[in-house]
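Below is one structure, written out as structure tokens; the observations come after it.
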Amino acid sequence: MIPLRDEIFIRENGEQVAFSEYGDTRGEPVMFCHGWPSSRLMAQFTHDAARELGVRIISPDRPGIADSSFVTGRKLLDWAPLVSELANFLKLEKFRVLGISGGAPYAYTLAWAMPERVRVVAVVSGAPNIAELSDHSGLLALYRWLMFADQRFPAPLCRLGFRLARPLLSLRPPRRSRSWLLKLLQPCDADSLRDELAFEACFESQRRAWKASAEGVLADAQLFAQPWGFSLNELQVPVRLWHGDSDRSFSLGVAKEMAEKIPNCHLHIIEGAGHYSVPIRHIREILADLIATSSAQNL
């Protein structure tokens with residue numbers, strides 16, 4: 001679908017940040033943190049629910065993803081100044097945050113760095129703080145292999161692997177291949193992705209992530225296994241976690257471990273749901289809860 005707004009914001013240092021808007025342009029602002037590998041187009045699956053609820057979804061590409069400038073040596077904590085500048089550009093004093101899957105660390109970062117501006121955070125099927133995770137067995141096998149490769153293989157070899165993957169992963173898959181792709185997923189996730197908009201939000205946003213270069217996707221991946229620069233027990237704003245009990249990317253045990261570290265946290269466990277089906281099938285409930293939640297310091 002076509003975003004309500006799609007443009008490039010130029011930061012004070014000259015870097016460009018591409019962002020799109022969905023939902024209600026006059027509604028309650030929510031900063032959307034897309035997954036990995038993904039891009040700002042992932043937020044399109046929120047549009048109908050956001051419009052109905054009066055929510056303004058603002059979805060920026062991270063550095064090096066799709067149309068945003070690549071930044072050498074960036075850290076997770078660099079995300080907060082970028083979003084702060086974008087919020088100033090949009091004349092937003094305060095906002096809420098929604099992080100999906102790999103967007104979770106970025107959502108937590110905003111909560112930690114800007115408690116005076118972030119009202120509440122919702123994290124859905126969220127990636128954990130891998131550097132502090134007690135047990136990696138709850139991570140998808142692919143993620144464990146990527147971590148192993150990053151630690152054991154020379155950096156040039158890792159970059160080469162991503163560059164070789166880019167031509168294939170940046171292609172738009174033909175419609176007839178969709179049924180084959182869905183067979184790779186568990187039934188609860190496959191069923192939710194048979195919806196046209198949901199499929200486009202997930203797979204087209206992944207394809208667009210590779211638009212600029214493979215380096216941006218690789219740099220984004222490497223940040224997940226690095227120390228974040230803060231601890232979850234330092235968060236001051238409310239956090240709403242939504243997780244499926246059948247999530248294969250990040251197990252429910254992983255989500256519970258994260259929830260135990262966050263002072264003001266509520267964990268919603270969705271029975272019979274996987275990694276994709278929670279955000280897709282429960283987005284209206286998630287957004288309604290997000291805009292209804294506040295903290296004393298933000299009142």
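Between SER231 and ARG194, the contour length at 0.36 nm per residue exceeds the Cα-Cα span by 9.6 nm. In terms of Cα to Cα distance under 27 Å, which lysines are near enough to LYS75, apart from those fewer than 8 places away along the same chain? Leaving aside lysines fewer than 8 places away in the same chain, those within reach of LYS75 are LYS91, LYS94, LYS211, LYS256, LYS261. Maximal additional length on extending the LYS94-GLU271 stretch stands at 60.4 nm, based on 0.36 nm per residue less the C-alpha distance. Model label sites at THR25 and ILE10, defined 7 Å from Cα along the beta-carbon direction, differ in position by 2.2 nm. Shown here are the Rg and Dmax of the Cα trace of the chain, at 17.8, 52 Å. Which residues in segment 86-128 have a backbone N closer than 19 Å to a point placed 7 Å from the Cα of GLU260 along the Cα-to-Cβ line? Flagged as within label range: 126-128.
Sparse packing (at most 11 other Cβ atoms within 10 Å of the Cβ) combined with a DSSP loop state is found for none of the trypsin sites (Lys or Arg not before Pro) in segment 218-299.
So, with a 1.4 angstrom probe, what is the percent of accessible area on the chain that is carbon and sulfur? Roughly 53 percent of what the probe reaches on the chain is carbon or sulfur.
When GluC sites (Glu not before Pro) are flagged only if DSSP places them in a loop and at most 13 other Cβ atoms lie within 10 Å, the longest unflagged stretch of the chain comes out as 117-270.
Restricted to Cα atoms, segment 248-299 shows a radius of gyration and a Dmax of 12.9, 38 angstrom.
With Cα atoms as the point set, segment 1-65 shows a radius of gyration and Dmax of 11.7, 37 Å. By the helix-only formula, in which each DSSP H run with n ≥ 4 contributes -39500 (n - 2.57) and the sum is divided by residues, the chain has a 222 nm mean residue ellipticity of -10500 deg cm²/dmol. Normalised per residue, the accessible area of the chain is 44 Å², obtained with a 1.4 Å probe and no contribution from ligands, DNA or RNA.
Once the chain from LEU133 to GLU285 is taken as fully extended at 0.36 nm per residue, the excess over their C-alpha distance is 51.9 nm.
The values are calculated or read from the model by the stated rules, or taken from the named source; none is laboratory data. Note that the structure is predicted; figures quoted are calculated from it, not measured. Backbone-built Cβ (ideal geometry, glycine too); neighbour counts: all protein chains shown. These area figures cover heavy atoms from the full protein model, side chains too; ligands, DNA and RNA do not enter into them. Shrake-Rupley method; radii C 1.70, N 1.55, O 1.52, S 1.80 Å.
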